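Asker: Quick one: structure below, then a few questions.
Please treat every number below as a calculation from the coordinates, not as lab data. The structure presented is a predicted model; accordingly, all values stated were derived computationally and were not measured. Ideal geometry is used to build each Cβ from the backbone, glycine not excepted, and the neighbour counts take in all protein chains shown.
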Amino acid sequence: MLLGKYAEALVSTEQSIVINPKHANGQYNKACCFAYQFKLEPALEALDAAFRLNARKYQPIAAKDPQFEFMRNEPRFMELTRKRYK
């Protein structure tokens, strides 16, 4: 994704989610694709999906991940990274 091929990365990520919808890493990577493009709402939606699947792993990662820096002070991002998921 560092080469700016966000559309291709997103297609690949979407395909992995279709193959395995319960794979949290696919949702997290989808959030990353959107974050690299500064697309706040889709990134937050994908993060929420990743957290619903595996919050224990992905919440601490997202809270420190530099690619989410642009939304770190957004109330919804703060809520998602602190929310208790079942």
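Asker: Taking into account only those residues within segment 43-64 that are closer than 18 Å to His23 by Cβ and not hydrophobic (A, V, I, L, M, F, W, C), which is surrounded by the fewest Cβ atoms within 10 Å (Cβ to Cβ)?
Answerer: My answer is Arg56.
Asker: I would also like to ask the following. Anything in segment 13-27 that is surrounded by 15 or more Cβ atoms within 10 Å (Cβ to Cβ), out of contact with any Ser or Thr (no Cβ under 9 Å at 6 or more places or on another chain) and of a type outside the set (A, V, I, L, M, F, W, C)? List them, or say none.
Answerer: Of segment 13-27, the ones surrounded by 15 or more Cβ atoms within 10 Å (Cβ to Cβ) are 13, 16-17, 23-27.
With out of contact with any Ser or Thr (no Cβ under 9 Å at 6 or more places or on another chain) added as a condition, the list becomes 13, 16-17, 24.
Correct list: Thr13, Ser16.
Asker: Also, I was wondering about something else. Hey, Phe38 hits all of (1) more than 11 Å from the chain's Cα centre (by Cα); (2) aromatic (Phe, Trp, Tyr); (3) assigned to a helix (DSSP H, G or I) but one; which does it fall short on?
Answerer: (3)
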